[in-house]
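The values are calculated or read from the model by the stated rules, or taken from the named source; none is laboratory data. Because the structure is predicted, anything quoted here is derived from the model rather than measured. All Cβ positions, glycine included, derive from the backbone under ideal geometry; neighbour counts span all protein chains shown. Accessible surface areas use protein heavy atoms only, side chains included; no ligands, DNA or RNA. Shrake-Rupley method; radii C 1.70, N 1.55, O 1.52, S 1.80 Å.
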Number of protein chains: 2
Amino acid sequence: MYRTHNCGELRMQHVGQEITLSGWVQNTNDLGYMMFLNLRDRYGITQLAFNEENTSKELFEKARTLGREFVIRIKGEVIERASKNDKIPTGSIEILVKGLDILNASRVPPFTIEDETDGGEDLRMKYRYLDIRRSPVQQSLIFRSHVAIESRKYLAGEGFIEVETPNLIKSTPEGARDFVVPSRMNPGQFYALPQSPQTFKQLLMVAGMDKYFQIVKCFRDEDLRADRQPEFTQIDCEMAFVTRDEVLRNFEGLTKYLFKTVCNIELADFPLMQYDDAMRRYGSDKPDTRFGMEFCELNDLAKNKGFVVFDNAELVVGICAEGQANGYSNKDLKNLTEWMQRPQIGAKGLVWVKVNADGTFKSTVGKFFSDEDIKEWAEKMNAKPGDLLLILSGEAEKTRKQLNELRLEMGRRMGLMKPGDFKPLWVVEFPLLEWDEEAGRFHAMHHPFTSPLPEDEEKMLGGDHETMKNLKANAYDLVINGVEIGGGSIRIHDRALQEKNFKLLGFTPEEAEAQFGFLLGAFEYGAPPHGGIAFGFDRICAVMRGQTSIRDFIAFPKNNMGRDVMIDAPSVIDEGQYEELYLRSTAEDEV
Amino acid sequence: MYRTHNCGELRMQHVGQEITLSGWVQNTNDLGYMMFLNLRDRYGITQLAFNEENTSKELFEKARTLGREFVIRIKGEVIERASKNDKIPTGSIEILVKGLDILNASRVPPFTIEDETDGGEDLRMKYRYLDIRRSPVQQSLIFRSHVAIESRKYLAGEGFIEVETPNLIKSTPEGARDFVVPSRMNPGQFYALPQSPQTFKQLLMVAGMDKYFQIVKCFRDEDLRADRQPEFTQIDCEMAFVTRDEVLRNFEGLTKYLFKTVCNIELADFPLMQYDDAMRRYGSDKPDTRFGMEFCELNDLAKNKGFVVFDNAELVVGICAEGQANGYSNKDLKNLTEWMQRPQIGAKGLVWVKVNADGTFKSTVGKFFSDEDIKEWAEKMNAKPGDLLLILSGEAEKTRKQLNELRLEMGRRMGLMKPGDFKPLWVVEFPLLEWDEEAGRFHAMHHPFTSPLPEDEEKMLGGDHETMKNLKANAYDLVINGVEIGGGSIRIHDRALQEKNFKLLGFTPEEAEAQFGFLLGAFEYGAPPHGGIAFGFDRICAVMRGQTSIRDFIAFPKNNMGRDVMIDAPSVIDEGQYEELYLRSTAEDEV
């Protein structure tokens, strides 16, 4: 037997007991006549004691050979500590060691196994099995496991059935790029790995499963931006015979349950915000509503006063940064302007106004606008003395996006994104379609299976181009603190409507049939009204823990080139594998 | 709103209530002046009533247009039925319909949506979304979901952490054939889909996760025999600082918990059987112990009596089929012999002995053996008058396998494989290595990471060829009713032992390093002793439900050519996809 207890459980009540522990050597402290050793496992740390009085010479010498991360088993007696450590749960006791087995030695690790390590990202990824020994990473993975089982308990309790959908499915050019898998038994043909189980969960609704869920791996072969992974996990759900509000109620319930059960946080009811309002008030479809600083449109006050920049702009819009007037020198504001002008944001410039304590104003546009004019702006923006107004202008959509970045940056600087403060909301009534001028066709804003709002269904079947542009989707996103946790929609369940949507999206009838004939066919055999949602599971774990990166919630993540640097994958395959798959590499031809 | 209740929940207590239901038209019974309709959803069936007295003419006419599998929503009043149906839970009430919406029409389904359908396998797979509407399939999927969540609850309760391991990993030629996934970002390189998370779960032990589990999809590109699927699901587990018996205790606990919670069946403690005993007594490493009919070896009694077939045989071995002497005519025995001689089994012949009521014998070998001789066999086999002895001879291993088939066949015929009777056992101490004469190297009987028994470790590092052949693995299988539910082992956690094993398995040091260098490296940084197990999840679901096929426990299975005939996958990909992946098809060159 390797242990009678783990390294986190011994307390004063165990004093006097003979126990066996196994674990890793965290560190040793050799005082000559006595030596202490911290033994670590997943459950905690226990102090081991060796001293000249009670420890045999042989055992003491053996203990002195131990290095960090050696794996050992010890037998000994639990004794009360002379000087207690109230920072760890086992801090009142230590083990007087009577027997020691070295189960495995360890080379010196390439970085320290501490909460704050000296290892860089690349090294930690190469030795991920050592990185996971560090408590922050280990606790993130344990947290994830906890969220997963609580999600399942909640959904199962609500009558959802977890159904595994296949991973070897069919490649469809629509949407993101598929990972494909050559089929040996079907020469020249490929499976695709699912980008989501979308069509399968819809078929499960046609199949009468009524309420489906799955915590499921999904795959996208996209160029990897920071914090994107080629494989990621979703909490995927679908319900039959539901309206939008029933879906929202269910998954608001799930979210509240998870925060309560896992983090002991009670969330208030989630407000609904229309997409158009979100864009107008925050310039984003995922507003961080932990703080206000809402957009204020100034077209009526700021245009046609002779300032050509504003006069030529489609939109003049600003935010009021409370109490920031004194904090920003001219140089600070120049730096902020340059920050906004970086290519990532691309603002042409930044107009600022300081509201002075005496009611006067200092601004970059003083020669174009009277204090009277600017007072009107300040009033519309609810500015008080000491506030700083930041104003952008230009093409409406672009300007809103830029101001969104500025609002978030100011929120960060002003400490308004409080950790532990969670502000969820539902964003609803997205546009159904986006017009792609270049391709001369629409894109689905959500995906091709999203239903328009009930009142827009007839318009969609019979409307003109302008009507199509203005169709609203019966779609919804859950946003928490500016992060999109997930989204979904009520789906189309009518063959004619689905065919019309495919047509708008540029599918010929033949293409629609070849790629989605099974779904169109299923709609002819009694498809019920249905809708669903998917949460980014890696994402919700990170947000709940107040973290911005999903990396530590994934046991074995890939780098930005899609590589697992630990196992060194992907890698070359041998000629026999190519032959069996009826493939030839052209990679060398390219070089 | 689509419904106030589902189709399975209305009872006498609801009589008088105005309700809304939605579901599928199961069938209608039109008596002219009145009409009944069974409305179905996942939860049950509710009878709807229309009659000339209470139903408007318009509504009645509309109801008459409904066909099977139409999706409808009705409003109405719950009333007591005149003639009750005690076969269904809602059988005391019916709904007097007052409003009817047709939510979706349905074409006539290609097969009947009934427990016993008229649809063949191929048709049901093509229209799997209709097949799943059938209660037996739907209930199998619900059962599976139930087993999954109970497995998770149990393992989480025991301190196991569910960790998701990656699906895009590294191809290794060892073992079964990998599915591979070309990497667009790494030209000429491929990921592999995991055949199991074996190395990752071992790394999680090195990482200090202590107890890991995952219900996880695995992939094998094998030629598909009946009831094999290219993607299948495992309950995958690993534990650090454990001995074999601790692993067995944990997973015996899981199995008992599942049978108790999901099926309300109490299982007795699982006996342990050594591999050698299982082979000797049953000719199989997965014996069905619901019945005895154990092998009886007759070498000492039957050889060297002048019957050349036995004299030349390595092994003479038989079973005693209780009370079957009278049931088998000479013709029946001839048929049975021919059944044994089919190529699938390949027996040369079958010796039979009938033990007559008067103590005499009738047999195929009467001219070679005296009644005295045969009496000795009968005594050794514990045969009573009326029993039938069935005896095979030949090369030992082959003969045992053949007799195993015969024993199982006789068990089936004699009704000894009782449904509802579950006889689990652990088979332990498998051989570590199998010698492959042709390849001139050993194969791993379990996998290359399996540890020998502790007492065999030193032999392995220093032994000769004969010693290697006789090494025992610290491996175990859980067998229930002749089905291998899963298996596992204590793993090697020492670099030198692992290198030795790779060498025995024919790896050069360079190959071992290229394929498993990350694991060998991990063993140098404090790898703890560890072991684990994996259960076939599809399999355990089928066994628990007393079914032999896993097909209905998989929502969207593939056929024997690896095809999903519903979505028609795999399929061709376009030229652009080939180019992006640096691949060219040679499938056409082959034609």
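A crude spin-label estimate for the pair B:R107 and B:E575, with each label 7 Å from Cα along the Cβ direction, gives 3.4 nm. For the listed peptides A:188-196, B:469-477, a ranking on the average number of other beta carbons within 10 Å per residue, highest first, reads A:188-196, B:469-477. Per atom type, region A:424-532 shows carbon and sulfur on 48% of its accessible surface, probed at 1.4 Å.
In a fully extended conformation the segment linking A:D568 and A:W339 would gain 78.6 nm over its present Cα-Cα distance, using 0.36 nm per residue. Placing +1 on each Lys and Arg Cβ and -1 on each Asp and Glu Cβ, with no other charges, gives region B:424-532 a dipole about its Cα centre of roughly 240 debye. Just name one of A:V262, A:C296, A:V247: the one whose Cα is farthest towards the positive end of the charge dipole of region A:247-328 (beta-carbon charges, Lys/Arg +1, Asp/Glu -1). The residue sitting most towards the positive pole is A:V262. The charge dipole of the protein assembly as shown, taken about its Cα centre with unit charges on the Cβ atoms of Lys, Arg (+1), Asp and Glu (-1) only, comes to about 2160 debye. Using only Cα atoms, tell me the angle between helix A:371-380 and the longest principal axis of chain A; keep it within 0 to 90° and round to the nearest 10. Roughly 60 degrees between the two axes. For the segment A:578-584, counting C-beta atoms of other chains within 10 Å of every residue's C-beta and taking the mean gives 6. Taken residue by residue and averaged, Cβ atoms of other chains lying within 10 Å of the Cβ of B:126-136 number 5. Computed extension length for A:K380-A:T65: 106.0 nm, one decimal, from 0.36 nm per residue of separation with the Cα-Cα distance subtracted. Cα centroids of region A:45-99 and region B:463-530: 33 Å apart.
Ordering B:F507, B:A542, B:L519 by Cα displacement along the dipole of region B:483-591 toward the positive end leaves B:A542 in first place; charges were set at the Cβ atoms of Lys, Arg (+1) and Asp, Glu (-1). Both radii come from the Cα set of region B:291-413: Rg as radius of gyration, Rh as Kirkwood radius; their ratio Rg/Rh reads 0.92. Per residue, the solvent-accessible area of region B:291-413 (1.4 Å probe, heavy atoms of protein chains only, all protein chains present) comes to 50 Å². Rounded to the nearest 100, the interface formed by chains B and A buries 11000 square angstrom of accessible surface, both chains summed, with a 1.4 Å probe.
Only the Cβ atoms of Lys and Arg (+1) and of Asp and Glu (-1) were treated as charged; on that basis the dipole of region A:47-202 about its Cα centre amounts to roughly 460 debye. With label points defined 7 Å past Cα in the direction of Cβ, position B:R413 shows copy-to-copy spacings of 9.0 nm, given to one decimal and shortest first. For region A:360-402, GluC sites (Glu not before Pro) are listed when DSSP marks them as loop and at most 15 other Cβ atoms sit within 10 Å of their Cβ; the list is A:E395. Projecting the Cα atoms of B:I95, B:L123, B:I74 onto the dipole axis of region B:12-144, where Lys and Arg carry +1 and Asp and Glu carry -1 at the beta carbon, places B:L123 farthest toward the positive end.
Extension gain for B:A82-B:E409 works out to 112.5 nm (0.36 nm per residue, less the C-alpha to C-alpha distance). Measuring against 27 Å, Cα to Cα, the residue pairs B:K398/B:K472; B:K201/B:K503; A:K75/A:K126; A:K331/A:K401 contain A:K75/A:K126 as the ones spanning a longer distance.
Relative to the longest principal axis of the Cα atoms of chain A, helix A:135-157 runs at roughly 60 degrees.
In the full protein context, region B:64-175 carries 41 Å² of accessible surface per residue, based on a 1.4 Å probe and ignoring ligands, DNA and RNA.
Here the sum of -39500 (n - 2.57) over DSSP H runs of 4 or more residues, divided by the residues of chain B, equals -8500 deg cm²/dmol at 222 nm, to the nearest 500. Taking the C-alpha atoms only, the angle from helix B:495-504 to the longest principal axis of chain B is near 80 degrees. Summing +1 for each Lys or Arg and -1 for each Asp or Glu, what net charge is found among the other residues whose Cβ lies under 12 Å from the Cβ of A:Q274? Neighbourhood net charge equals -2. Annotation for region B:394-433 versus region A:265-341: alpha-carbon center distance of 76 Å. When the listed pairs B:K62/B:K98; A:K354/A:K380; B:K459/B:K500; A:K84/B:K211; A:K305/A:K362 are checked against a 20 Å cut-off, the alpha-carbon distance exceeds it for A:K84/B:K211. Taking label positions 7 Å along the Cα-Cβ direction at both A:E18 and A:A357, the computed distance is 7.8 nm, reported to one decimal. Counting only other chain Cβ atoms within 10 Å of each residue's Cβ, the peptide B:233-245 averages 2. If you roll a 1.4 angstrom probe over the protein chains with everything in place, what fraction of the accessible area of region B:153-301 belongs to carbon and sulfur, to the nearest %? The C+S portion of the solvent-accessible surface of region B:153-301 is 43 percent.
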